[in-house]
Amino acid sequence: MLLPEFEYARPETLEEAVALLAAHRNARVLAGGQTLLNALKLRLVKPEVLVDVSRVEALRGIRVDEQGRLEIGAAVIYDELAAAPLVRERQPVLAEMTSRIVDRQVRARGTVGGNVCLADPTSNYPPLFVALDAVLRVRGPEGVRETPAEGFFLAPYVTALGPGELLEAVLLPPLADDEGVGYESLQVGTDSWALARAAALVRANGTIRSARVVLGCGSVPVRQPAMEAALVGREPTEEAIAAAAELAGEDFEPPTDVHASAEYRTAMARVMARRAVLAATRGSR
C-alpha cells in the first residue's frame with residue numbers, strides 16, 4: 001500500500017527538530033520507523049510533516065552524566081544499546097533484555113525512544129524503565145524538562161509529551177552494591193509480543209530493604225505497592241516472594257483477546273512478578 005502524502009524533513013540538530021514539531025501540530029517523529037511506517041501504510045496516521053531524527057547526533061549517544069546516571073539517547077538503536085560496554089557494565093539486565101527483542105531486523109532499526117514514546121502496552125522498555133526509576137529528558141519549545149518514567153505513560157499509546165516536545169534521553173540512576181534487577185516476560189512466541197511482563201528493582205542484604213515491582217502488558221506499566229510492602233523486611237526466600245506475589249495485580253488492566261483472557265494475563269503477571277523479584281534478589285551485589 002502506498003504511503004499518504006506528507007512533507008519530509010531531516011533536521012541536523014535538536015533545535016531544528018523541535019522547531020519543526022512546534023511549527024506543525026500534526027507532525028510525527030520518524031526514528032526507526034518500526035511501527036510508524038506500518039501505521040502510515042494503513043492510514044492510521046496522516047501527518048503533515050514527517051520529522052526524521054536519524055541525523056541528530058545529540059540523540060545517539062550513550063554516556064554517564066555529571067550525576068552518575070547512565071544517559072541513553074532516544075535515537076540509540078537496540079543493537080547499539082545491547083552491545084554498549086557502559087550498559088553491559090551498569091545495567092546488564094537491560095542489555096540482556098534488549099539483545100532478545102523480537103528479531104535481528106527489528107534490533108537493527110528500532111530505537112529506544114521510539115519504543116518508549118509509542119507507549120504500546122506490550123512494549124519491552126516501559127515497565128523496566130519504571131522499575132529502574134528512570135527519568136526521561138524531554139526537549140520542547142519551552143526548553144528542557146525531566147520527568148519520571150513512572151508518570152510518563154498515561155494510557156495505551158498516550159504519553160506525557162506535550163505539543164512540539166521530543167524525547168531526548170533516558171536517564172538511569174546507578175545501581176547500589178546491594179541492588180539487583182529482574183525482568184521476566186511471557187510471550188506468545190519467541191519472536192512475538194508478550195502476554196505479561198514484570199520488572200523488579202530490589203535492595204537486599206540478608207533481608208529485603210526496598211523493592212520496586214512493575215507489571216507490564218496492562219493499559220500502562222503499573223507499580224505494585226502492596227507486593228512491594230509485603231516484601232520489605234522479609235528474607236528473600238522463594239516462599240516469601242511467592243506469598244507477596246499473590247498481592248500483585250493492583251490497577252493492572254490487561255485486555256481479553258484471541259491470545260488470552262484478562263484473568264489469565266493477570267495470573268501470569270503474578271508469576272512474572274515472582275520470577276522477576278527472585279532474579280533481582282539473586283542478582284543483588
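Restricting the first member to region 13-34 and to residues that are under 14 Å from ALA74 (Cα atoms), and the second to residues that are of a type in the set (Ser, Thr, Tyr), the beta-carbon pairs closer than 6 Å and six or more apart or on different chains are ALA31/THR111; GLY32/THR111. Among the residues making up region 168-184, those that are touching a helix residue (DSSP H, G or I) at 6+ places or on another chain (Cβ under 7 Å) and either in a strand (DSSP E or B) or without any contact (Cβ under 8 Å) to a residue 40 or more places away in the chain (or both) are GLU168, VAL170, GLY180, VAL181, GLY182, TYR183, GLU184.
For region 13-46, the tally of residues that are within 30 Å of ILE101 (Cα to Cα) and of a type in the set (Asp, Glu) stands at 0. When HIS259 is tested against the conditions (1) under 30 Å from ASP178 (Cα atoms); (2) modelled with pLDDT under 95; (3) surrounded by fewer than 19 Cβ atoms within 10 Å (Cβ to Cβ), the lone failure is (1). Taking the criterion of being β-branched (Val, Ile, Thr) and in contact with a strand residue (DSSP E or B) (Cβ under 7 Å, 6 or more places away or on another chain), the residues of region 145-202 that qualify are THR147, THR159, VAL170, VAL181, VAL188, VAL202.
Being surrounded by 24 or more Cβ atoms within 10 Å (Cβ to Cβ) and part of a loop (DSSP other than H, G, I, E, B), is that true of even one residue in region 196-217? Looking for residues that are surrounded by 24 or more Cβ atoms within 10 Å (Cβ to Cβ) and part of a loop (DSSP other than H, G, I, E, B), one finds at least one in region 196-217, hence yes. Screening region 1-78 for strands (runs of 3 or more DSSP E) wholly inside it with 2 or more residues that are open to solvent by 20 Å² or more (accessible area, probe 1.4 Å) returns the ranges 7-9, 27-30, 62-64. Here GLN224 fulfils each of the conditions (1) surrounded by fewer than 24 Cβ atoms within 10 Å (Cβ to Cβ); (2) out of contact with any Lys or Arg (no Cβ under 6 Å at 6 or more places or on another chain); (3) under 13 Å from ALA273 (Cα atoms) apart from (1). Listed by first and then second residue, the pairs linking a residue in region 82-110 that is over 20 Å from LEU172 (Cα atoms) to a residue that is part of a loop (DSSP other than H, G, I, E, B) and among the acidic types (Asp, Glu), with Cβ atoms under 6 Å apart and 6 or more places separating them unless they lie on different chains, are VAL102/ASP191; ASP103/ASP191.
Here GLN187 fulfils each of the conditions (1) of a type in the set (S, T, N, Q); (2) open to solvent by 10 Å² or more (accessible area, probe 1.4 Å); (3) within 17 Å of LEU132 (Cα to Cα) apart from (3). For region 34-73, the set of residues classified as more than 12 Å from LEU171 (Cα to Cα) and basic (Lys, Arg) consists of LYS41, ARG43, LYS46, ARG55, ARG60, listed by residue number.
The values are calculated or read from the model by the stated rules, or taken from the named source; none is laboratory data. Given the structure is predicted, the values throughout are model-derived calculations rather than measurements. Counting neighbours? That spans all protein chains shown, and the Cβs are built from the backbone with ideal geometry, glycine included. Each accessible area value is taken on the protein alone, full model and side chains, heavy atoms only, with ligands, DNA and RNA left out. Shrake-Rupley method; radii C 1.70, N 1.55, O 1.52, S 1.80 Å.
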